[in-house]
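One structure below.
Derivation of every value follows stated rules applied to the coordinates shown; laboratory data play no part. Small disclaimer: the values here were computed from a predicted structure and weren't measured. Every residue, glycine as well, gets a Cβ built from its backbone with ideal geometry; the counts of neighbours run over all protein chains shown.
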Protein chains: 2
Amino acid sequence: MKDPSDESKGPIDFALSCPLPISDYPTVQLAHGGGGKLSQLLIEKLFVGAFGNAALEQLHDGAVLNVGSSRLAFSTDSFVVHPRFFPGGDIGSLAVHGTVNDIAMCGARPVALSAGFILEEGLSMEELWRITTSMKEAAEEAGVEVVTGDTKVVDRGKGDGVYINTTGLGLIADGVEISPRRARPGDRVLVSGQLAVHGIAVMSVREGLEFETVLETDSANLYPLVARVLERGGSRVHVLRDPTRGGVASALNEIATQAGVGMQLEENSLPLREDVRGACEILGFDPLYVANEGKCLAIVAPEAADSVLAAMREHPLGREAAVIGAVVDEHPGKVYLRSRVGGMRVVDMLSGEQLPRIC
Amino acid sequence: MKDPSDESKGPIDFALSCPLPISDYPTVQLAHGGGGKLSQLLIEKLFVGAFGNAALEQLHDGAVLNVGSSRLAFSTDSFVVHPRFFPGGDIGSLAVHGTVNDIAMCGARPVALSAGFILEEGLSMEELWRITTSMKEAAEEAGVEVVTGDTKVVDRGKGDGVYINTTGLGLIADGVEISPRRARPGDRVLVSGQLAVHGIAVMSVREGLEFETVLETDSANLYPLVARVLERGGSRVHVLRDPTRGGVASALNEIATQAGVGMQLEENSLPLREDVRGACEILGFDPLYVANEGKCLAIVAPEAADSVLAAMREHPLGREAAVIGAVVDEHPGKVYLRSRVGGMRVVDMLSGEQLPRIC
């Protein structure tokens, strides 16, 4: 965890019209990439500020575009996870699942991926081959082709082995209308399974933690589960989101802000494995903020909650799906959690950097 | 320039079925990203070997996909240019032009871009704002929107300020059929202007060279010029390519190999500024191998050469366009140059690394 030091924090007078909230930090901090408050500020003030357009302002996992007579989903993600290999996955499979899932969260069927590699001089060719093979297997399993690519090599000490960007293209079926702005009071909040597994699996390698059973990443292609959810829930499925960086807390905060609604979660309902809970306690993490790579949040009309929950549970990736809360009229833009003993606490956006380079 | 050292070159026994020509180099070399022979080997043996599919095997600047009822171009590029600011441009404008041009080289109208940033902790926020503003201006000028994005932050010493991936989506009009495999004997080879300008502009900053006039990058959006070429040449325009990394020589070698044809260039016809020629001599570069970022090669049926040349010259970016050679029956897969004095020499693929991190 990195705190902005005195040296790097302070007012700055940009010659250019840099948006103010960014200029509180004259240099980029790790937390600007952590999926929490600073990430959000950077994206909203700097990138949306510069590129501002209707698609980008949706602040969705991907853009929805009308091209020709088709409705397309288009989404990009760079992967810088450290270490590159971890239990149950690696940077290659993660790079495929991450983008395929972002496409799926737009309610789209993934069609094609691009892959951009930034290699550091000296990377072992065998490792690159293992990563590429892993990407290929993940893509095949997801029924999507890597159709175009790019490779750059940077000098030793200017990278970290390999960084991978994948960008995906998907096709949205008629009648599907997924957008964070569609969350409305009364909707139920569902999650497709156990929280915090990816983050803890990666951290366990970094920190040398050992579990009684190996804790593997949950990284997986969520499209088949999403297809089932859409088939069953139709237009009553309002929002889909995979809670990666910043976890469930950050994802729900973003949606609450965009839709201008409140959310209330029930601690009792959160699916959380005992070993993950224990690791979170040891490491000082709140599992609501830890990254997931194979879990899906769905916000659905109340009358559809039971059937969507059943649809999730019929799929192997959704066996432990649960309704974890509801969208409410009160406290718009804020997420509250009712604890096991009945107390209420605010679940804010992540404010610092909890887990750098988790994806 | 980096030569594979003894330590890093030698046979290797991959546990996995790594394709042999790659295993001559057990680690990644700078030349694997240089756009020449090693780049081609890495792409063909490793990436196409792993991901092999019809779109990728085209080895075009981008993939052509049928999605719904539309024909789309889809292309990705990462930008790692060093330094980030150079005369006439920066990594931001380059990242927009590079991908917009790859889309245009598929004969497509650019529609949307994604932007993936990999930031190094400690990057000046003002610099990031300048780069973003430059991207925005380039995108506006190209009539394309940045509709989705991603930001990752890596720790100090694991990046180099900022790397940018852009991925583009374009729409191909009916009747347009651009593919490297369409080059056929008799076709004329055209270039839209002066060679080697981008590479020399960047190198002049790195090496502290001074010219009588400032030598600015040629980085520009080529779509308007391409639209004019397609309007005039129609289906008689067979191949389009922007000769970036590896220059005109590498681009034409790739096309010659893919189409199974030979090419013959005329040294006398190559558009080359005196100051660029001089700088190439000082630096020991062959201008045929130096990167361009605002030039387009067009391979067209002989009867269309005059009208396509006229179309190029009517556009500000094509004032100095020229016919520089022809596609021939002889020496398939090879490019020859007839020198000023009439001698013939082979123009091979770039074999080492001439200019690392030029784009």
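Side notes on the structure shown:
- Cα centroid of region A:72-116 to Cα centroid of region B:265-326, whole Å: 40 Å
- Label point of B:ARG184 (7 Å along Cα→beta-carbon): distances to the other copies' equivalent points are 6.0 nm, sorted ascending.
- Helix runs (DSSP H) in chain A reaching 24 Å along axis by Cα, Kyte-Doolittle at least -1.0: A:125-142
- If only the Cβ of Lys and Arg carry +1 and only the Cβ of Asp and Glu carry -1, the dipole of the protein assembly as shown around its Cα centre is close to 1200 debye.
- Stokes-Einstein diffusion for the protein assembly as shown, with the hydrodynamic radius set to the Kirkwood value over Cα pairs and evaluated at 20 °C in a medium of 1.002 mPa s, equals 82 µm²/s.
- Every helix of 4 or more DSSP H residues in chain B counts as -39500 (n - 2.57), and over all residues that averages to -8500 deg cm²/dmol at 222 nm.
- Cα gyration tensor shape for region B:53-172, rounded if a/c is under 1.5, else prolate or oblate: prolate
- In nanometres and ascending order, the distances from the B:MET344 label point to those of the other copies are 8.6 (point 7 Å from Cα along Cα→Cβ).
- Other-copy label distances relative to A:GLU207, 7 angstrom Cα-Cβ extension, nm: 5.2
- Charge dipole of region B:154-289 about the Cα centre (unit charges at C-beta), most positive-ward option of B:ILE172, B:ILE282, B:GLN194: B:ILE172
- Fraction of alpha-carbon pairs over 22 Å apart in region A:95-248 - percent: 53 percent
- Shape class for region B:203-359: oblate, because the ratio a/c of the largest to smallest gyration tensor axis (alpha-carbon atoms, square roots of eigenvalues) is 1.5 or more and b/c is at least a/b.
- Peptide-level mean, for B:73-85, of C-beta atoms on other protein chains within 10 Å: 5
- Here's the picture: charge each Lys and Arg Cβ at +1 and each Asp and Glu Cβ at -1 in region A:53-172, and of A:VAL153, A:ILE103, A:LEU72 the one pushed furthest to the positive end of that dipole is A:LEU72.
- Peptide packing: for B:318-329, B:152-163, B:235-246, the average count of neighbouring Cβ atoms within 10 Å per residue gives the ranking B:235-246, B:152-163, B:318-329, highest mean first.
- Using C-alpha pairs below 8 Å separated by at least 6 residues, the relative contact order for chain A is 23 percent.
- Inter-chain Cβ neighbour average for residues B:129-140, partner chain, 10 Å: 4
- Span from the region A:29-47 Cα centroid across to the region A:130-178 one, whole angstrom: 23 Å
- Shape category assigned to chain A from the gyration tensor of Cα positions, a/c cut at 1.5: rounded
- Look at the stretch A:100-112: the mean tally of other chain Cβ atoms within 10 Å of its residues' Cβ atoms is 1.
- Around the Cα centre of region A:35-150, unit charges on the Cβ atoms of Lys, Arg, Asp and Glu (plus for the first two, minus for the last two) sum to a dipole of about 420 debye.
- Take every pair of alpha-carbon atoms less than 8 Å apart whose residues are at least six positions apart; their mean separation over the length of region A:180-346 yields a relative contact order of 44 percent.
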